[in-house]
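To keep things clear, I will list the structure first and then write my remarks on it.
The values are calculated or read from the model by the stated rules, or taken from the named source; none is laboratory data. Everything numeric in this text was worked out from a predicted model, so none of it was measured. All Cβ positions, even for glycine, are placed from backbone atoms using ideal geometry, and neighbour counts span all protein chains on display. To get the accessible areas, we keep the full protein, side chains included, count just its heavy atoms, and leave off ligands, DNA and RNA. Shrake-Rupley method; radii C 1.70, N 1.55, O 1.52, S 1.80 Å.
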Amino acid sequence: MNHMSAPATQHRDQALRIRSVPRAERARFEAAMAMAFSTDPAARWAWPDPLQFPTIFRPLVTLFGGKSFDHGSALVVGDYFGVAQWLPPGVLPEDGPIGGLFERNMSGPKLGELLFLFEQMAGFHPREPH
């Protein structure tokens, strides 16, 4: 039977520790989130160009869910093995700046499709706190 030693157990526990991320770690958090979505079909449909994707997606992380830093709901596992971002009930993303980000970095039909998609998402978003 193989038993883990106390230092190995402590290392594992530290590696799996979940903590909230302060705004000071925003750049690293954005990069980890972009890596997590780099093969997501919807994200890559929206931004198929490999240069355009990080240019738009990294700031989108903070524009869409940046208020999570202020509410302790931007979370990281260990040394950025995983990330999650949640907005508390009643806290909404910054819609205006998101549209501006898209308009500065996109053009043509894809811009219109993406703006329409985000409008549709907002239209189906529950109105009550959830």
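Couple of notes before you dig in:
- Residue check, Arg26 assigned to a helix (DSSP H, G or I), in contact (Cβ under 8 Å) with a residue 40 or more places away in the chain and either open to solvent by 50 Å² or more (accessible area, probe 1.4 Å) or among the β-branched types (Val, Ile, Thr) (or both): yes
- Considering only residues in segment 61-119 that are among the small types (Gly, Ala, Ser) and part of a loop (DSSP other than H, G, I, E, B), the one that is surrounded by the most Cβ atoms within 10 Å (Cβ to Cβ) turns out to be Gly66.
- Filter pass, Phe124 being open to solvent by less than 30 Å² (accessible area, probe 1.4 Å) and not basic (Lys, Arg): no
- Scan of segment 38-55 for residues that are crowded, with 17+ Cβ neighbours inside 10 Å and touching a Lys or Arg at 6+ places or on another chain (Cβ under 9 Å), ordered by number: Ala46, Trp47, Phe53
- Among the candidates Val76, Val91, Val61, residue that is closer than 22 Å to Ala15 by Cα and of a type in the set (Val, Ile, Thr): Val76
- Yes/no for Thr62 being farther than 16 Å from His125 by Cβ, under 10 Å from the mean Cα position of the chain (by Cα) and among the hydroxyl-bearing types (Ser, Thr, Tyr): yes
- Among (1) touching a Pro at 6+ places or on another chain (Cβ under 6 Å); (2) under 22 Å from Arg17 (Cβ atoms) - the single one Gly90 does not satisfy: (2)
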